[in-house]
1. If you count only protein heavy atoms and use a 1.4 Å probe, how large is the accessible surface of VAL57, to the nearest 10 Å²?
2. Compare HIS117, HIS47 by solvent-accessible area with a 1.4 Å probe and give them largest first, with all protein chains kept in place.
3. Using +1 on the beta carbon of Lys and Arg, -1 on that of Asp and Glu, and nothing else charged, what's the dipole of region 71-154 about the Cα centre, debye to 20?
4. So how much accessible area does SER119 have, in Å² to the nearest 10, using a 1.4 Å probe?
5. Per residue of region 102-118, in order, report the coupling 6.51 cos²θ - 1.76 cosθ + 1.60 (Karplus, θ = phi - 60°) as ³J(HN,Hα) in whole Hz, putting x for Gly and Pro.
6. Using a Gaussian network model of the chain whose springs link C-alpha atoms within less than 10 Å, name the residue from ALA220, ALA59, ALA81 with the highest mean-square fluctuation.
7. Hey, what number do you get for the chain at 222 nm if only DSSP H runs of n ≥ 4 count, each worth -39500 (n - 2.57), divided across all residues, to the nearest 500?
8. Ordered by residue, what ³J(HN,Hα) values in Hz, to whole numbers, does region 245-257 give under the Karplus form 6.51 cos²θ - 1.76 cosθ + 1.60, where θ = phi - 60° and Gly and Pro are x?
Amino acid sequence: MRGRDVAPGRWGMLVVVGAMLLASLARGAQEAPGDLRMNQIQFIGSHNSYKKAQPWVWATLLRWLAPETAAALAYEHEPLAAQLDRGLRVLELDAFYDPESGAFPIGHVQRIDMASHCSPLRTCLEQIRAWSDAHPRHLPLWIMFNAKDEAIPRLPDPVRFDGPAFDAFDAVLEAVLGDRMIRPEAVAGRRWPSLEAARGKVLFLLDEGGRKRALYDTGAARPMFMSLPETDPRAAILVINDPLAEGDRIRRLVAAGYMVRTRADADTVEARQGATARREAALASGAQAVSTDYYRPAAEFGQDYVVRLPSVGRCNPVATVQVCQLAE
């Protein structure tokens, strides 16, 4: 049946215009707006990114002695480069300090959970550097660090971090990736660079408070951001791990220009249950960095629980009204 109000000769023009409109909308959903800033995106990362499966002997012993702890440690990751190839843009490394060698071994729990895809710290950073060199337009990477020195009953006491240890840590960061850092002083007052300017760059974050943060916070310019209280005028990045309990706070901070890291799951709980409420809360919160242990489906638990975005990153649902998918 012919259209009653449109002349036959105009159908072709309408088809062309409609196709152009659809193509424009598709481009708008895929391309990053030119004025987008690096805090106006959202992306996925991994928690304890270096971690291999716990050695069988220790895992078996722990299941007998502390089954809840054993369950919480029952996850593992791919090598760092494979995770980056999958589109993850947040990595977390736990570093111990060995003053005899001057190196920083990478691992989770002294002796019983130290199997790592890379160690020491320099090796991990060199792997990240090699991947970054091969992908010069990647979205900015977050590399988070925990300085591991907690004493655990019946395990060897690790060497405690002190001022010289943090100085040596900084020296490794500078030696391997100093030329492509996004530095804290460059974003004073949360003046985040454009996404275009941040491509190919790396941001370092020390996820510590208390004594260790006080040791690092010397007043001098340092390569790592610190997770400072929001009341500190230097605060730019906050780690708020529970989006269910603190989703409103995360949204408020993101809207105010802070960058936030949160977790979509923890201790294998969500993966074992197939529970998605925490994942959905994390993504909806606007936290720029959403970390998970399950960027692959949790098939080992008979679940399809997984944390993914349709692309590597997207326009942040809280920090901007723009809609886009980011492919690099």
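The values are calculated or read from the model by the stated rules, or taken from the named source; none is laboratory data. Computed from a prediction, not measured in an experiment: that's the story for all the values here. FYI the Cβ positions are ideal-geometry reconstructions off the backbone, even for glycines, and counts take in every protein chain you see. Ligands, DNA and RNA are excluded from the accessible area calculation, which covers all protein heavy atoms including side chains. Shrake-Rupley method; radii C 1.70, N 1.55, O 1.52, S 1.80 Å.
1. 90 Å²
2. In descending accessible area the options line up as HIS117, HIS47.
3. Charge dipole of region 71-154: 200 debye, to the nearest 20.
4. Roughly 60 Å² of SER119 is accessible to a 1.4 Å probe.
5. With coefficients 6.51, -1.76 and 1.60, one gets x, 9, 10, x, 9, x, 9, 10, 3, 6, 8, 8, 10, 5, 9, 5, 8 Hz.
6. Checking each option, the largest mean-square fluctuation is seen for ALA220.
7. -10000 deg cm²/dmol
8. Listing the rounded values in order: 7, 10, x, 5, 5, 4, 4, 4, 5, 4, 4, 8, x Hz.
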